[in-house]
Amino acid sequence: MNSENNAKRNNGNNRRNNYHNKNQYKNRNNNGKNSSRNNRGNGKKYFNSNSKRNSNRINVNGKKYNKPIQKTKPSIKISFLGGLNEIGKNITLFECEDEIIVLDCGMAFPDGEMLGVDLVIPDFTYLIQNKDRVKAILLTHGHEDHIGGLPYLLTEMSAPIYGTPLTLGLVENKLKEHSLLQSTELITVQAGDKVKLGKMTAEFIHVNHSIPDAVAIALHTPAGTIVHTGDFKIDCTPISGGMIDLNRFARLGGEGVLALMSDSTNASREGYTPTEHTVYDSFKNLFQKAEKERIIIATFASNVNRVQQIINCAKKFGRKVAFSGRSMINYMKVANELGYIDIPENIIIDIDQIPQYTPQEIVLVTTGSQGEPMSALTRMAFSDHRKITVGTGDFIIISANPIPGNEKSVGNVVDELLKKGCRVVYESMYEVHVSGHACAEEHKIITSLVKPKYYIPVHGEQKHLRKSQDIAVSLGIDKKNTFIADIGTQLELNENFMKELPKVPAGKVFVDGFGVGDVGSIVLRDRKHLAQDGLIIIVASLDVYDGHVISGPDIVSRGFVYVRESEDLMKDIKSTALYVLDDCCDNNIHEWGVIKNRIKDDVSKVIFNKTGRSPMILPILMEV
């Protein structure tokens, strides 16, 4: 009886299990109806997920397929080590999934407050700390504010450098000077090339600028595409290289761009930047005016297209061309070797050959358009050039606009040239210069083509960056999706957000002679103090046992007053210092730090009361 009952129960269970197994497939397409009731017998708990499963399926030609699972894209970090709120020193880092790409590595020239400093480079601390993650250094073009810092970075780390032929030709010269060429990998690319760099791919896009071979960079990363314009303008009739590749910018915009980083240097100027061809017409007119004079033209050494036009004019008017200035000679040598400048036969002469020709047969192309203290034109203006003397009969053209901060230096050079009887054409007197940077309307074109989600203005002072931001907002980009960074800013970009991260180490490093970074704010402060008020040195010899004065104090003045005409003041300084030394001896004060500070304080009061000046006071004490 029991066995029969067990058999019946087992048969009943089997029938129920078979029933549920048969209906399990049906329940998948039953939109979840009665699913928990129908599946009780198999011991599993089912949730109503059929609607979700159906929503993840797509119908193609009557067949259903699972939708591909979309993964969240990673973020990319952008670190700004230079080039913001300043002119020059451009360098930017892109970090994605533990890999770093460096874009440009420039330098800047010192301003008037940086006494004795030769040049300024970025602080590479953060980059050197992460040097093992650096995949490459990409260069947009060959201007000093984009390549000038490379030798100083490459003494601390190494990475392959990618650039166009002219850019790397100029870099090669720099590395030779610093004995770094053999240890550096230089890889030549052309506009249109794409280079795989770990998880990121760099695409080089042709743009117009004041130097040939300039490119923008489209960085294709796991986080999305970042477009960095480099320095650019839109020139429909360039001297060389063809028009900017607007078509590629438009296609990138159609594919989707996460962020656009745009050169902002000329964003505050309305309209369009004129074509370089306008300068040639001005040169022709000026050459005609100076038909009986020697012509001297100062321009940027890197402006190869400008020099080409000068050579073309010289040929038309039957003049020989000579170059002055080390950087000018170097640039022309590289440009000629690589075929970026067309030089007719027998038109170039050495500067030493100038006396063999009449003034009306000569065009001298020189550096010094920015009034740099050691440039060729400045040395000519102040009668310090070894081979060229200027004066009446010289027609001088400054074919450049002063970079912000250089206006006074350029003005001083112009004044000196005019005093010597030269005729000088400068700034806006004639159209002898056009910028290599885009104006407002050109910014609108590039931004409209690229259609970025985020907009980050770069390259310029605060007023330039703000104007660039305003242009982007006027085109419909949400202001929340724009960002004005500063040196040291680290920005995280994601398809869903943009946020500022804690700052990274960044700033200015001063190069003075062979010293890099050994001149800081304290040294500059002392130099400024010396330059403004001069120096007083107080020297005395003290007895090694009781500290009484054996000889002195003697007073030495440098840059303060002329001693022979200020003998009474020198006596007062000496008597004050002697009083302090005797008083310290009488009171058993033998700590030199205390004695020196008392001398500085008391002598400073005497000098200020009598002259209203505060020179640097340097006590020197010796024990005998």
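Odds and ends about this structure:
- If the condition is being closer than 18 Å to ARG423 by Cβ and part of a loop (DSSP other than H, G, I, E, B), then the stretch 350-370 contributes THR358, GLY368, SER369.
- Close pairs from the stretch 123-139: first farther than 28 Å from ILE205 by Cα, partner acidic (Asp, Glu) and open to solvent by 30 Å² or more (accessible area, probe 1.4 Å), Cβ under 8 Å, at least 6 apart: ILE128/GLU156
- Hits in the stretch 213-247 (condition: touching a residue at least 60 places away in the same chain (Cβ under 8 Å), open to solvent by less than 10 Å² (accessible area, probe 1.4 Å) and either touching a Phe, Trp or Tyr at 6+ places or on another chain (Cβ under 7 Å) or hydrophobic (A, V, I, L, M, F, W, C) (or both)): ALA214, VAL215, ALA216, ILE217, LEU219, ALA223, ILE226, VAL227, PHE232
- Looking across the stretch 386-412, the residues that are free of Cβ contacts under 8 Å to residues at least 40 places away in the same chain and either under 13 Å from ILE295 (Cα atoms) or surrounded by fewer than 18 Cβ atoms within 10 Å (Cβ to Cβ) (or both) come down to ARG386, THR389, GLY391, THR392, PRO402, GLU407.
- Residue that is modelled with the lowest pLDDT [pool: residues in the stretch 457-476 that are polar (S, T, N, Q) and closer than 26 Å to ALA108 by Cβ]: GLN462
- Residue match in the stretch 506-529 (condition: surrounded by 15 or more Cβ atoms within 10 Å (Cβ to Cβ), modelled with pLDDT under 85, touching a helix residue (DSSP H, G or I) at 6+ places or on another chain (Cβ under 9 Å) and aromatic (Phe, Trp, Tyr)): yes
- Scanning the stretch 580-596 for residues that are open to solvent by less than 60 Å² (accessible area, probe 1.4 Å) and outside any helix (DSSP H, G or I) yields a total of 1.
- Those residues of the stretch 266-293 which are β-branched (Val, Ile, Thr) and in contact with a helix residue (DSSP H, G or I) (Cβ under 7 Å, 6 or more places away or on another chain), in sequence order: THR273, VAL279
- Sole residue being assigned to a loop (DSSP other than H, G, I, E, B) and modelled with pLDDT of 95 or more, chosen from ILE239, ILE244: ILE244
- Of the residues making up the stretch 445-470, those that are open to solvent by less than 10 Å² (accessible area, probe 1.4 Å) and in a helix (DSSP H, G or I) are ILE446, THR447, VAL450, LEU465, SER468.
- Looking only at residues of the stretch 356-374 that are touching a residue at least 60 places away in the same chain (Cβ under 8 Å) and under 26 Å from the mean Cα position of the chain (by Cα), we find that the one that is most open to solvent (accessible area, probe 1.4 Å) is GLU372.
- Some residue of the stretch 310-323 being open to solvent by 10 Å² or more (accessible area, probe 1.4 Å), closer than 17 Å to HIS143 by Cβ and of a type in the set (Gly, Ala, Ser): no
- Members of the stretch 301-341 that are touching a Leu at 6+ places or on another chain (Cβ under 9 Å) and either in a loop (DSSP other than H, G, I, E, B) or within 23 Å of GLN356 (Cα to Cα) (or both): SER302, CYS313, VAL321, ALA322, PHE323, SER324, GLY325, LEU338, TYR340
- The one condition from (1) open to solvent by 10 Å² or more (accessible area, probe 1.4 Å); (2) more than 18 Å from the chain's Cα centre (by Cα) that THR265 does not meet is (2).
- In the stretch 268-292, the residue that is nearest to ASN312 (Cα to Cα) out of those that are of a type in the set (Asp, Glu) and open to solvent by 30 Å² or more (accessible area, probe 1.4 Å) is ASP281.
- Among the conditions (1) within 25 Å of the chain's Cα centre (by Cα); (2) within 18 Å of VAL432 (Cβ to Cβ); (3) surrounded by 23 or more Cβ atoms within 10 Å (Cβ to Cβ); (4) of a type outside the set (Gly, Ala, Ser), the only one that ILE297 does not satisfy is (1).
- The residue of the stretch 408-443 that is modelled with the highest pLDDT, among those that are in contact with a helix residue (DSSP H, G or I) (Cβ under 6 Å, 6 or more places away or on another chain) and of a type outside the set (A, V, I, L, M), is HIS443.
- When residues in the stretch 537-553 are screened for being open to solvent by 10 Å² or more (accessible area, probe 1.4 Å), touching a helix residue (DSSP H, G or I) at 6+ places or on another chain (Cβ under 8 Å) and at pLDDT 85 or above, 0 of them pass.
- Filter pass, SER158 being hydroxyl-bearing (Ser, Thr, Tyr), free of Cβ contacts under 8 Å to residues at least 24 places away in the same chain, farther than 21 Å from ALA335 by Cα and surrounded by fewer than 20 Cβ atoms within 10 Å (Cβ to Cβ): no
- Out of THR184, THR164, THR188, one residue alone is of a type in the set (S, T, N, Q) and open to solvent by 30 Å² or more (accessible area, probe 1.4 Å). It is THR188.
The values are calculated or read from the model by the stated rules, or taken from the named source; none is laboratory data. This one's a predicted model, so the numbers in the text were calculated from it and none came from an experiment. Every residue, glycine among them, receives a Cβ derived from its backbone with ideal geometry; neighbour counts consider all protein chains shown. Note: accessible area is taken over every heavy atom of the protein model, side chains too, but ligands, DNA and RNA are not part of it. Shrake-Rupley method; radii C 1.70, N 1.55, O 1.52, S 1.80 Å.
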